[in-house]
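Notes follow the structure.
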Amino acid sequence: QVQLVESGGGLVQPGGSLRLSCAASGIIFSIYTMGWYRQAPGKQRELVATITNGGGKYYASFVKGRFTIARDNAKNTVYLQMNNLRPEDTAVYYCNTYLPTQGNWGQGTQVTVSS
């Protein structure tokens, strides 16, 4: 069974940084494109960034230049380094495979950006 466990969220002031981690199990991690997604209150879940099994990266325009996605296939883990955080980055952050996503989403990790 697929398990995705996100961690690293928290409360941070505007301009601050956080590093999110997501440990995956139950899948052959190294063959998948992995993605970070987020869902803010009252909004639909949206794609934040992806990283292919070869290391190719995509970023949504609203995080480009501030967030960095990385992966460690030996640890079945994907990371999201978030710098220069803004209040509008406040959301629950999730990881999942990308196209297709797995049916079992993790619990996510809450990121709150506030002074």
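The values are calculated or read from the model by the stated rules, or taken from the named source; none is laboratory data. Quick caveat: nothing in here was measured; it's all calculated off a predicted structure. Note that each Cβ is placed from the backbone with ideal geometry, even for glycine, and that neighbours are counted across all protein chains shown.
Number of residues in the range 10-20 that are closer than 19 Å to Asp72 by Cα and surrounded by 18 or more Cβ atoms within 10 Å (Cβ to Cβ) equals 2.
The set of residues in the range 71-115 that are free of Cβ contacts under 8 Å to residues at least 60 places away in the same chain and surrounded by fewer than 16 Cβ atoms within 10 Å (Cβ to Cβ) comprises Asp72, Asn73, Ala74, Lys75, Glu88, Pro100.
Restricting attention to the range 50-62, does a residue exist that is touching a Gly at 6+ places or on another chain (Cβ under 7 Å) and either surrounded by 15 or more Cβ atoms within 10 Å (Cβ to Cβ) or among the small types (Gly, Ala, Ser) (or both)? Yes, some residue in the range 50-62 is touching a Gly at 6+ places or on another chain (Cβ under 7 Å) and either surrounded by 15 or more Cβ atoms within 10 Å (Cβ to Cβ) or among the small types (Gly, Ala, Ser) (or both). Of all the numbered requirements in (1) under 14 Å from Thr97 (Cα atoms); (2) in contact (Cβ under 8 Å) with a residue 60 or more places away in the chain; (3) touching a strand residue (DSSP E or B) at 6+ places or on another chain (Cβ under 7 Å), Val2 misses one, and that requirement is (3).
Only one of the numbered conditions (1) farther than 13 Å from Ala91 by Cα; (2) at pLDDT below 95; (3) exposed (fewer than 14 other Cβ atoms within 10 Å of the Cβ) is violated by Pro41, and that is (1). Take the conditions under 14 Å from Gly108 (Cα atoms) and touching a helix residue (DSSP H, G or I) at 6+ places or on another chain (Cβ under 9 Å) and apply them to Arg38. Does it pass? So Arg38 passes the test. Just a yes or no: is a residue in the range 74-87 under 27 Å from Gln1 (Cα atoms) and hydroxyl-bearing (Ser, Thr, Tyr)? Checked the range 74-87: at least one residue is under 27 Å from Gln1 (Cα atoms) and hydroxyl-bearing (Ser, Thr, Tyr).
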